């Protein structure tokens with residue numbers, strides 16, 4: 001390492017052999033980032049909480065109203081409806097990518113030619129610009145000219161209205177979200193599969209277990225921690241999902257696909273009701289934290305019961 | 001080569017085909033839409049390979065709508081936001097890893113959980129007050145919300161795995177902390193720098209939500225410009241698809257070329273901004 005020898009003579013002025021050598025402080029490295037984080041992450045948060053206590057509309061004077069903005073939330077039918085949409089959208093957008101992502105990971109765990117390249121192709125949906133792919137999905141959803149209804153007709157299924165029907169708009173958007181984010185689950189589970197030792201598989205083979213039994217009783221329990229992480233990340237992203245929904249439906253038809261995030265956009269930047277918007281942002285954040293805590297709790301419960309089950 | 005092995009290989013390739021086809025077919029269809037004249041795009045059943053290829057869709061995009069302005073806006077915003085994030089984030093990742101200050105990662109976690117729109121309300125007011133709206137500065141600053149946590153998070157992970165012995169040796173030889181960082185730690189962490197840089201570029205380039213609020217007519221980035229095209233030319237699919245493909249093509253190329261770094265970064269931190 002030539003760099004080390006390069007570095008030593010330059011620092012001779014620092015030598016004070018009598019003084020006890022202490023490990024240096026690393027604070028100077030962190031301070032610039034700390035300033036940035038304070039400015040763009042901490043400051044907005046503090047300001048948001050303060051604003052949520054004000055009646056603050058663009059163009060009119062601000063008035064301190066205490067918790068009034070928060071008390072308005074449960075009586076706002078659009079907000080309550082948006083919570084429902086968010087929860088159903090999130091549940092589907094966590095479960096479907098988990099299932100498909102795990103299956104894809106099992107396949108990508110095998111060895112085959114051009115695996116790296118194909119994996120690169122497979123993760124393209126999640127790296128592509130969301131607005132650009134939303135645009136193409138909008139064309140594919142088109143009831144008369146869209147390619148999806150053509151594909152349905154090929155297998156003899158009736159044409160759908162997709163995102164233009166309030167009853168099917170959320171499942172249709174989940175289809176896009178699943179297409180987009182299954183690769184992330186695949187990558188995380190693939191990392192889990194790579195960490196599994198070979199021995200359990202060898203002994204299962206000796207015992208004559210079939211493919212399904214191996215997957216159910218060896219692979220699945222061992223990748224559980226990774227599935228949990230993937231589910232957690234997926235949950236956080238699905239709750240916050242904005243680009244796809246906004247670019248394809250703007251929350252419509254009517255308000256059938258208006259999630260909390262889309263409603264927050266309307267309140268803050270269409271109606272310019274910044275105080276109320278800030279209250280929604282705070283509650284929205286707390287909802288995500290609560291969902292994450294719920295997942296952690298479920299995981300503990302599951303671990304506990306499965307341990308009991310194995311002892312019995 | 002027993003038949004069972006061959007059967008297994010066929011099954012494997014079949015599953016690979018099924019798994020990869022939604023991605024491949026989608027992007028091929030996108031390319032097909034962008035290369036067809038309206039008469040082919042509006043025909044039913046859909047035409048996959050057109051008789052006449054409409055290269056003019058691409059020419060139209062570059063000629064109209066100030067596309068080149070928006071392209072350079074995107075380059076400036078992503079370039080500055082990523083550069084600044086590397087500048088402050090890489091040393092920070094180093095400092096946090098060496099101080100073992102794992103609690104500070106909570107801030108990054110909060111940044112990861114917070115919806116992008118929540119940053120927008122206060123920062124929008126701040127930029128308005130500072131009179132910065134109408135320039136690219138607000139977007140560069142707010143993109144730091146995306147890029148800085150990605151860089152810090154990935155660099156913490158990398159510096160934690162690099163060996164300490166070399167750094168200790170250099171310190172005992174009398175090198176300053178800064179020299180140790182610059183000449184010992186940084187060269188070893190070069191793969192990590194690449195991962196952090198690539199992911200920060202991609203997620204900043206793709207960002208849409210900050211632009212729709214902060215960008216004016218002259219300061220739109222490409223995703224916002226494409227979104228605005230939707231409302232104007234609802235029915236000319238060819239140029240729209242061409243524009244969409246141009247916007248996302250750099251990212252797709254980067255994904256296929258640097259898939260190893262991207263996979264490493266995403267599985268290590270699983271970060272995504274906004």
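Within the range B:231-248, one or more residues are under 28 Å from residue A:246 (Cβ atoms), surrounded by fewer than 24 Cβ atoms within 10 Å (Cβ to Cβ) and modelled with pLDDT of 90 or more. Here B:37, B:26, B:49, B:67 are screened, and the one residue that is surrounded by fewer than 15 Cβ atoms within 10 Å (Cβ to Cβ) and either in contact with a helix residue (DSSP H, G or I) (Cβ under 8 Å, 6 or more places away or on another chain) or within 13 Å of residue B:241 (Cα to Cα) (or both) is B:49.
Only one of the numbered conditions (1) out of contact with any helix residue (DSSP H, G or I) (no Cβ under 6 Å at 6 or more places or on another chain); (2) surrounded by fewer than 23 Cβ atoms within 10 Å (Cβ to Cβ); (3) modelled with pLDDT of 90 or more is violated by residue A:138, and that is (1). Applying the criterion of at least 1 residues that are more than 22 Å from the chain's Cα centre (by Cα) and surrounded by fewer than 20 Cβ atoms within 10 Å (Cβ to Cβ) to the helices (runs of 4 or more DSSP H) found wholly in the range A:209-312 leaves A:211-214, A:220-240, A:260-269, A:274-311. Take the conditions in a helix (DSSP H, G or I), within 27 Å of residue A:119 (Cβ to Cβ) and more than 13 Å from chain A (Cβ to nearest Cβ) and apply them to residue B:6. Does it pass? Considered against the rule, which asks whether it is in a helix (DSSP H, G or I), within 27 Å of residue A:119 (Cβ to Cβ) and more than 13 Å from chain A (Cβ to nearest Cβ), residue B:6 comes out as yes. Residues in the range A:58-72 that are touching a helix residue (DSSP H, G or I) at 6+ places or on another chain (Cβ under 8 Å) and surrounded by 15 or more Cβ atoms within 10 Å (Cβ to Cβ): A:65, A:69, A:70, A:72. Would you mind stating whether residue A:187 is crowded, with 16+ Cβ neighbours inside 10 Å, within 12 Å of chain B (Cβ to nearest Cβ) and either touching a helix residue (DSSP H, G or I) at 6+ places or on another chain (Cβ under 8 Å) or assigned to a helix (DSSP H, G or I) (or both)? So residue A:187 fits the description; yes.
Just one of the listed residues (A:80, A:106, A:46, A:35) is closer than 30 Å to residue B:264 by Cα, at pLDDT 90 or above and exposed (fewer than 13 other Cβ atoms within 10 Å of the Cβ), namely A:35.
The values are calculated or read from the model by the stated rules, or taken from the named source; none is laboratory data. This structure is a prediction, so every number in the text was calculated from the model and none was measured. Here Cβ is always computed from backbone atoms with ideal geometry, including for glycine, and neighbour counts include all displayed protein chains.
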